[in-house]
1. Just a yes or no: is a residue in the range 218-229 in contact (Cβ under 8 Å) with a residue 12 or more places away in the chain and over 27 Å from Ala250 (Cβ atoms)?
2. Which ones in the range 1-50 are of a type in the set (Lys, Arg) and open to solvent by less than 80 Å² (accessible area, probe 1.4 Å)?
3. Among the residues of the range 283-313, write down those that are among the polar types (S, T, N, Q), open to solvent by 10 Å² or more (accessible area, probe 1.4 Å) and within 27 Å of Leu100 (Cβ to Cβ).
4. Could you check Pro236 against (1) within 11 Å of the ligand (Cβ to nearest atom); (2) open to solvent by less than 60 Å² (accessible area, probe 1.4 Å); (3) within 20 Å of Val106 (Cβ to Cβ); (4) not acidic (Asp, Glu) and say which number it fails?
5. So which pairs qualify, if the first residue must be in the range 182-203 and among the acidic types (Asp, Glu), the second must be surrounded by 15 or more Cβ atoms within 10 Å (Cβ to Cβ), the Cβ gap must be under 8 Å, and the two must be at least 6 apart or on different chains?
6. Filter the range 270-299 down to the residues that are free of Cβ contacts under 8 Å to residues at least 40 places away in the same chain and among the small types (Gly, Ala, Ser), then identify the one that is nearest to the ligand (Cβ to nearest atom).
7. For the range 21-36, which positions are in contact (Cβ under 8 Å) with a residue 12 or more places away in the chain and under 25 Å from Ile267 (Cα atoms)?
8. Which of the residues spanning the range 257-287 are out of contact with any helix residue (DSSP H, G or I) (no Cβ under 6 Å at 6 or more places or on another chain) and in a helix (DSSP H, G or I)?
Amino acid sequence: MRDLVAETRVDVQDLVAPLFVREAVADPIPITSLPGVVQHTVDSLRREVNELAELGVRSVMVFGIPEHKDATGSASCASNGIAQVALEQLRADVGDDMVLIADLCVDEYTDHGHCGIIDEHGSVDNDATLELYAAAAVAQANAGAHMVAPSGMMDGQVAAIRAALDDAGHINIPIMAYASKYASGLYSPFREAVDVTIAGGGDRKGYQQDWRNGREALVEVAADVAQGADIIMVKPAVTYLDVIAEVRAATDLPVAAYHVSGEYAMIMAAAANGWIDGDVVALEQLTAIKRAGAGVILTYLTRWFAEGARGLS
Ligand code: PBG
């Protein structure tokens, strides 16, 4: 009877699996702070995506880790950059049976670890970075991405990317905008996953949101909607359920939420200690995110969920 009247159900089709692919490695490399998640080789990535497809997963998000990083993150825009190489192979494998989303940012590619180009004062140059994002978007779409997801939080990024995609003829490639992304402490395992250290012990408070602000999220969302975003994302998820609910009320676009690396790691660590039942807490968190209003959830729990939501602890 509880099932009959349950208001919220998470479905495998709601979930997007974030996946990492690393250039020039012979074998997948485990990520210590993200148990069960690895830096894939192109081949192991292809196997993983095919297995996910068989499990009923409909979408993945690809992050590339280049062999060489430089000041402008040039591999993010190169047709032979690792993300583009991987996307091309995946698209050949899955065609249109799965939605291939390309995370669009440069921090994995820059030697200073920031999400943009650094000016002579050491700050991120917003407008110079937009040109880089535009080029990366076109490279990702050329490689076969079905959708791009800009995560750098530069002002005007959605408009710049939309214009560049349209000019290149990619008029049907939608943009999933990381619209409300907070300068969170919950990204640390991700930074291990993509080998990013922000130069000089820096942070991203200059471009990501202050967690003390809720209304500001709606300003960010309105800007991205006006610029042509197709899906609006809130990130992280569980610490920002209020923001998800407000964003859901403020737009009729699809709303996504990213259950980030630190949220996953906390569940895994506590479950490994026997302090919580990981399966229960993981399902509780995904359900809460959907209940708050996110119809799309990016989560490292995708495979676990698709396999029956059992076995975290
Ligand atoms: C930045 C980016 C980050 C994540 C996705 N894209 C980290 C950051 O902003 O420092 C975090 C994802 C996660 O923690 O799972 N391009």
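1. Checked against the condition, which is being in contact (Cβ under 8 Å) with a residue 12 or more places away in the chain and over 27 Å from Ala250 (Cβ atoms), the range 218-229 yields no hits at all.
2. Keep residues of the range 1-50 that are of a type in the set (Lys, Arg), which gives 2, 9, 22, 46-47.
Hits for the range 1-50 are Arg22, Arg46.
3. If the condition is that a residue be among the polar types (S, T, N, Q), open to solvent by 10 Å² or more (accessible area, probe 1.4 Å) and within 27 Å of Leu100 (Cβ to Cβ), then Gln285, Thr287 are the ones that fit.
4. It is condition (3) that Pro236 fails.
5. From the range 182-203, the pairs are Glu192/Ile31; Glu192/Ser33; Glu192/Leu34; Asp195/Ile65; Asp195/Glu108; Asp203/Ala183.
6. Ala282
7. Step one: of the range 21-36, the residues in contact (Cβ under 8 Å) with a residue 12 or more places away in the chain are 21-28, 31-36.
Across the range 21-36, the qualifying residues are Val21, Pro28, Ile31, Thr32, Ser33, Leu34, Pro35, Gly36.
8. Answer for the range 257-287, where residues must be out of contact with any helix residue (DSSP H, G or I) (no Cβ under 6 Å at 6 or more places or on another chain) and in a helix (DSSP H, G or I): Tyr264, Met266, Met268, Ala269, Ala270, Ala272, Asp279, Val280, Leu283, Glu284, Leu286, Thr287.
The values are calculated or read from the model by the stated rules, or taken from the named source; none is laboratory data. Treat the numbers as computed from the prediction; the structure is a model and nothing was measured. Cβ: placed from backbone, ideal geometry, glycine included. Neighbour counts: every protein chain shown. These area figures cover heavy atoms from the full protein model, side chains too; ligands, DNA and RNA do not enter into them. Shrake-Rupley method; radii C 1.70, N 1.55, O 1.52, S 1.80 Å.
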